[in-house]
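The values are calculated or read from the model by the stated rules, or taken from the named source; none is laboratory data. Because the structure is predicted, anything quoted here is derived from the model rather than measured. Ideal geometry is used to build each Cβ from the backbone, glycine not excepted, and the neighbour counts take in all protein chains shown.
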Amino acid sequence: MMLQTIFVPLLLGLATQSLPADPRNGTVFDEEFLSLIQEAIDANNVTGMSVGVLLSDGGVELGVWGNRTESGEKIAPDTIFGVGSLSKAFLSTSLGILMQDFATGKNATALPHDVTEFNWDTKLRDILPGEWMTEDEFSTSKANLVDLLSHVTGLPRHDGSYSPDDSPRDLVLRMRELRASYEFRQLFEYNNQMYIVGSCVVSKLSGMPYRDFVESRIMLPLNMTSPTMHPDRASENDKFSQTWTPTRRRIPFFVTEHTADLIVGAGGVISTAEDMLLWAKLIMSGGLDTRTNV
């Protein structure tokens, strides 16, 4: 049975737990794989880990290690984690779904005046008229969605330039005040803000909040029952694990309900490893839901 992909959300902290799986049980969690996982736990001082394995025949296997709470409650298959920047793939997929909606006449809103189609080459200034602008005239006029998602706008992170009270649109309007560190398309420069801009595009062209779009168009169709982009809902779930300090104290999830609309495009998805395997299966199948062939 071929191993196809592995999804491993990590919670950083101190790890003293031994591996629970039996390497003789006939699963992919054999002695070699378990040793690899233990090395990752030791090298990163991990307090808790959930490992999901997607098999070539469509099956899945799960393994869990360590603690979820300071009082010693264990990680379980239904433990939910903040998945960080893995959330960015939900943004790019949302844009792709919207492109298909416009191509097939299923769009809920109209494109801005003089924009005839919505695709990866569509210019940001055309779909965010009067809003998208950088300090550089060339990037203002030429930047498209591929540039946005590929981190080649020339702008560095500028993470200190926005506040918890900002909306995605506030961030778009402030982009013109930020200085670039490279020329447009010169080098890769990681930038969370561009994914926040992307969430603004999704909201504008779908006619609904970005979080609602992801949940209704991606999570629900895939039967992903645990994921949420609402920190308050996750906090109400006693299965929510968070990050840890080296002294084994839990660190609250960095996204609050107040800041979620701003940051979710870049890093706000919360999920179990099992449900993330449904997401991984969609990606590995080229965007085809193998249950429905759609």
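Some points to look at:
- Residue list for region 106-133, filter: charged (D, E, K, R) and without any contact (Cβ under 8 Å) to a residue 24 or more places away in the chain: Lys106, Asp114, Glu117, Lys123, Arg125, Asp126
- Sole residue being under 19 Å from Ser271 (Cβ atoms), part of a helix (DSSP H, G or I) and touching a residue at least 24 places away in the same chain (Cβ under 8 Å), chosen from Thr69, Thr93, Thr47: Thr93
- Of the criteria (1) under 23 Å from Lys74 (Cα atoms); (2) part of a helix (DSSP H, G or I), which one Leu205 fails: (1)
- Residues located in region 143-161, provided they are under 27 Å from Asp101 (Cα atoms), over 20 Å from the mean Cα position of the chain (by Cα) and loosely packed, with under 15 Cβ neighbours inside 10 Å: none
- Selected residue (only one of Thr93, Thr27, Thr122 is surrounded by 14 or more Cβ atoms within 10 Å (Cβ to Cβ), assigned by TED's automatic domain parsing to the domain that holds Met276, on the phi < 0 side of the Ramachandran plot and among the β-branched types (Val, Ile, Thr)): Thr27
- Filter pass, Asp101 being surrounded by 17 or more Cβ atoms within 10 Å (Cβ to Cβ), at pLDDT 95 or above and farther than 25 Å from Asp170 by Cβ: yes
- Selection count, region 176-200, where residues are within 21 Å of the chain's Cα centre (by Cα) and closer than 14 Å to Asp147 by Cα: 11
- Residues that are out of contact with any helix residue (DSSP H, G or I) (no Cβ under 9 Å at 6 or more places or on another chain) and closer than 15 Å to Ile196 by Cα within region 123-146 comprise just one, Val146.
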